[in-house]
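Q: One structure follows; several queries about it will come next.
Just so it is clear, none of the values below were taken in a lab; they were calculated from the coordinates. Please read all numbers here as calculations on a predicted model, not as lab measurements. Neighbour counts run over all protein chains shown; Cβ positions are idealised from the backbone, glycine included.
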Amino acid sequence: MKGIAHFASGLCAATFIPGVVEQAINGGVLIALGGAAAMLPDFLDFRFARFLEHHDADIAPDPDRPDPKALANAIAIEICRARDEHHPRVIQLHPTRRSIAEWITYRVAINQQRSEVVVKLGDAEASANCGPLAYGYDGELDIIELGGPSLKLVPDSEGRVALEFLPWHRTWSHSFVLALVVGLCAAAVWGDLAGVVAGLGFALHIMEDQLGYLGSNLFWPFTRQRTQGLRLMHAVDPIPNFVTVWVSLTLMLLNLDRAASTPIIDVGPYLAIVVAAPSLILLAIYARRKWRNAVALEISRQRDAVGDAEPPQL
């Protein structure tokens, strides 16, 4: 989920805590603290954790002869190396800069069924076989001007290599234990009410991220691996992000109105018409699109399987 959605939900959650809205009427900023705490996990990741990651290999196109086959082979070699050495490796995918305004960008797809890495560079496409894979993230990886993702290659006892997307993301920073620590620190500095607001905002971010594919390390430092998400959405999907912002802001407005000396909002019709109706319509549209994409993907996989099973024509 995008930062603005986390921020809006943190603001909204704060208004449900008794005493927060009343404090805001008197000039308090605890509502803003809820929004800030809800953005803190990603702030820790993108400002600190990503720069602490060690890379065993950096992969980028040749600036003079960019070749998708060479990129696919380079990734496949690292996967095979992790399998042969029985030791995890971390690779970083980079674009290549040719000039101030010109970059060589590409796209990487993992075909788990075919055990292939597929690289698309411009109109060209190439693949390389890399043996049995386990890949839990959905969709292709875009290596664009701002940089590409890193992948952790983790071999298992069955000869497969698991590809972990962005191994530095949603680990220690996305833990309910850390949410408790943040709440306790805020309580020590600004009081118990601030502690509840900050801890809840931080924890809400983690719960929202569990709707996606990547998951989070929910109980670090007592756990070491990310718990797989519910795979209901991607972080960049516009409809779920918009619905989150819409519901958060409309409910926050309702809570602020109810705290006024003379409320003007009729709660029942407001919840039905303003909050629920547009949200349900948009989510229905999103669910239909997601279902159609899943059907199309399954048809494509079945065609690939049939193509692999058919003997070559003589």
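Q: How far is the Cα center of the range 171-217 from the Cα center of the range 262-291, in Å?
A: Rounded to whole Å, the Cα centres lie 27 Å apart.
Q: Further question on the same structure: With the Cα gyration tensor of the range 168-244 giving a ≥ b ≥ c as the square roots of its eigenvalues, does the rule (a/c under 1.5 for rounded; else a/b larger than b/c for prolate; else oblate) give rounded, prolate or oblate?
A: Cα axes put the range 168-244 in the oblate bin.
Q: If you don't mind, another one. Any chance you could list the semi-axes, whole Å, largest first, of the equivalent ellipsoid that the Cα gyration tensor gives for the chain, using √(5λ)?
A: 43, 24, 18
Q: Please compute the Kirkwood hydrodynamic radius of the range 1-158 from all pairs of different C-alpha atoms, in Å with one decimal.
A: 18.6
Q: Please determine, in degrees from 0 to 90 and to the nearest 10, the orientation of helix 176-190 with respect to the longest principal axis defined by the Cα atoms of the chain, where the helix direction is its Cα long axis.
A: So the inclination is approximately 40 degrees.
Q: On a C-alpha basis, how far is the centre of the range 122-165 from the centre of the range 1-79 in Å? Whole number, if you could?
A: Here the two parts' Cα centres lie 21 Å apart.
Q: What ranking of ILE285, ILE104, ILE91 emerges when the number of other C-beta atoms within 10 Å of each C-beta is taken as an exposure proxy, fewest first?
A: Ordered by Cβ neighbours within 10 Å, fewest first: ILE285, ILE104, ILE91.
Q: Indicate the gyration tensor shape class of the range 96-170 (rounded, prolate or oblate), computed on the Cα atoms with a ≥ b ≥ c the square roots of the eigenvalues: a/c under 1.5 is rounded; otherwise a/b larger than b/c is prolate and the rest oblate.
A: Oblate is the answer for the range 96-170, as a/c is 1.5 or above yet b/c matches or exceeds a/b.
Q: Could you work out how far helix 238-258 tilts from the main Cα principal axis of the chain, as a 0 to 90 degree angle to the nearest 10?
A: Approximately 10 degrees, to the nearest ten.
Q: If you don't mind, there's one more thing I want to ask. With a 10 Å cut-off between alpha carbons and a GNM built on the chain, which of LEU184, LEU146, LEU200 moves the most?
A: In the Gaussian network model the winner is LEU146.
Q: Okay, moving on. How many lysine pairs are close in the chain, with Cα atoms under 23 Å apart and the two 8 or more places apart or on different chains?
A: Eligible lysine pairs with Cα atoms under 23 Å apart amount to 4.
Q: Once you sort the root eigenvalues of the Cα gyration tensor of the range 206-246 as a ≥ b ≥ c, which label holds: rounded (a/c under 1.5), prolate (a/b larger than b/c) or oblate (the other case)?
A: The shape class here is prolate.
Q: Which whole-number percent is the relative contact order of the range 64-132 (Cα, under 8 Å, 6+ apart)?
A: Taking the mean separation of contacting Cα pairs over the length of the range 64-132, I get 37 percent.
Q: Can you tell me what share of the DSSP beta bridges in the chain is antiparallel? A percent to the nearest 5 is fine.
A: Here the share of antiparallel DSSP bridges comes out near 80 percent.
Q: What do you get for the angle between helix 30-47 and the principal long axis of the chain? Use alpha-carbon atoms, 0 to 90 degrees, nearest ten.
A: Compared with the principal axis, the helix lies near 20 degrees.
Q: Let me know the longest stretch in the chain that avoids all chymotrypsin sites (Phe, Trp or Tyr not before Pro) found in a DSSP loop with at most 12 other C-beta atoms within 10 Å.
A: 49-221
Q: Follow-up question, since we're still on this one. Take the chain, connect every pair of alpha-carbon atoms lying under 10 Å apart with a spring to form a Gaussian network, then pick out the residue of LEU141, LEU52, LEU204 with the largest mean-square fluctuation.
A: So, out of LEU141, LEU52, LEU204, the one fluctuating most is LEU52.
Q: Using a 10 angstrom cutoff on alpha carbons, build the Gaussian network for the chain and name the most mobile of ILE31, ILE206, ILE273.
A: Maximum among the listed residues: ILE273.
Q: Over every pair of different alpha-carbon atoms in the range 175-308, take the mean of 1/r and invert it; report that Kirkwood radius in Å.
A: 18.2
Q: Take the Cα gyration tensor of the range 159-207, multiply each eigenvalue by 5, square-root it, and list the three semi-axes largest first, rounded to whole angstrom.
A: In descending order the semi-axes read 31, 9, 7 Å.
Q: So how do ILE75, ILE299, ILE239 line up by other beta-carbon neighbours within 10 Å, fewest first?
A: Listed from fewest to most nearby Cβ atoms, that is ILE299, ILE239, ILE75.
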